[in-house]
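Below is one structure; the comments refer to it alone.
Any read-out appearing in this document is the output of simple, stated calculations on the displayed coordinates, not a laboratory observation. Because the structure is a prediction, the values reported are computed rather than measured. Because the Cβ atoms are built from the backbone with ideal geometry, glycine has one as well, and the counts that use them run over all protein chains shown.
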Amino acid sequence: MTITTTRSERAKLDFVGGLMAYNSMGIGKSMFTHYEANKPKHGDAEPSFDEVKAIMEGADAYKFGAFFERHNHAMMFQTTLDIVARQKQQADDWLDTYNAPGSVGSLTLDPSLEPPRYYKNLEIHTQPGNYHGEYGGVLYDWMIHPFLVHRDDNDEMGWDLANGVPKRDYKRILDLGCGVGKSTLPYCDLYPDAEIHGIDYAAPMLKYAHKKAESRGKAVHYSQQLAEDLQFEDESFDLVTALWLYHEIPRKSMDKIAQEAYRVLRPGGVFAIMESPPFKVMREKCSPLSEFLLDSTGRRMEDPYIPMFFSLDRVEMLQGAAPFDKVYDKELPNHLTGWSTDGQYFFGAFPWWATIGEKS
Ligand SMILES: C[S@@+](CC[C@H](N)C(=O)[O-])C[C@H]1O[C@@H](n2cnc3c(N)ncnc32)[C@H](O)[C@@H]1O
């Protein structure tokens, strides 16, 4: 990467990153302690959502944390923008040079593509200018590592899904809403003979993804497309994936994307999405506190579709959208929240939740 940092910029990044870690691990722990000390005792029955809400909205740790998280994010984004602004010309030249001679992958942009209407009046998870805003990829990548307390620095979530899809001899793989490629790159290593594609609607994400893949020598073909309107031929892929895409889109788009995935899959192909588990599962198998924290993060951090998405039965959703032969949920190891590991957790500990549709 040619975006450089001075010693004082690195110190600031460390400071803001430290605050992010404190938000997750320190304040998160205080919230958990408050909840455990105050939850009503109903025998075996867990407290209702409204009971958890009342407990948490009375907690100093929650009130402080809710404000802190938003402003902490803003500080991280602004720090990153300041660093890029200091070297604007070099950053622009670097990002705008793609498909250089010797590239192993490719980038195809479509300047006529309009951002989806649902992102027009929104800065998703408070990212300035949204995914399609200037330096969207840099902002996302530099925020996500400290936000996830560096537990995803090696694309662990991408690996968890890539390792969790049915093992087949996939020859052509497509990652929808690929972002900066964290969910795409693991397939290059797991399926070295396959042709790997990633699509995203946002050019700044793709430019950064292309740079990242090329710097690692990974052959990924990135293109700017809407997941609801793919520009690929019918029956041209064996595996289609979407990691952390579905919780950010409206209900109708979920169906359109599943229909497009079905269309481009060959017979025998697999569509797999992965997110945190639905609220019902979190509540029953993990903790009603995790449900509350995820719901409230969505409302507070400009992720408006979170409450709706996590209330859905995902098997019913996929079955209703396209005639997949077999649709099922699958729990996957989660290295981020500590589920299935001995690690400390934040936002509760739960498995990843893949929903898989197989086309016969
Ligand atoms: C939360 S990010 C996840 C990125 C990546 N899958 C990962 O796991 O790191 C969601 C991505 O989906 C993209 N996206 C959102 N809606 C889209 C749509 N309708 N079509 C294509 N890409 C979309 C965004 O631009 C963003 O890069």
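Odds and ends about this structure:
- Remark: spin-label model distance Ser112-Lys63 equals 5.5 nm, labels positioned 7 Å along the Cα→Cβ axis.
- Kirkwood hydrodynamic radius over Cα pairs of region 114-247, then Stokes diffusion coefficient at 4 °C and 1.567 mPa s, in µm²/s: 85
- By the rule of a C-alpha distance below 14 Å, with chain neighbours fewer than 8 residues away ignored, the aspartates and glutamates paired with Lys41 are Glu51.
- Each of Ala194, Gly268, Ser183 was placed along the dipole of region 7-358 (beta-carbon charges, centred on the mean Cα), and the one lying farthest toward the positive end is Ser183.
- Electrostatic bookkeeping for Gln89 treats Lys and Arg as +1 and Asp and Glu as -1; over the other residues with beta carbon under 15 Å from its beta carbon, the sum is -2.
- With Cα atoms as the point set, the radius of gyration and Dmax of the chain evaluate to 20.4, 67 Å.
- Quick note on region 17-156: its Rg to Rh ratio, both from C-alpha atoms and Rh being the Kirkwood radius, is 1.11.
- Working from Cα pairs under 8 Å separated by at least six residues, relative contact order for the chain is 17 percent.
- Among 35-41, 14-20, 283-289, 185-191, the peptide with the highest mean count of other Cβ atoms within 10 Å heads the list, and the full ranking is 185-191, 283-289, 14-20, 35-41.
- Rg/Rh, computed from the Cα trace of region 205-359 with Rh as the Kirkwood radius, has the value 0.99.
- log10 of Debye I(q)/I(0), alpha-carbon scatterers only, for region 173-225 at 0.13 Å⁻¹: -0.23
- Above-threshold pairs, the threshold being 31 Å between Cα atoms, out of Lys12/Lys88; Lys29/Lys285; Lys171/Lys211; Lys63/Lys211; Lys167/Lys211; Lys63/Lys212: Lys63/Lys211; Lys63/Lys212
- Cα centre as origin, Lys/Arg/Asp/Glu Cβ charges: the chain dipole, Debye: 460
- Rounded FRET efficiency, nearest 0.05, which uses the C-beta distance separating Arg266 from Ser8 and R0 of 35 Å: 0.05
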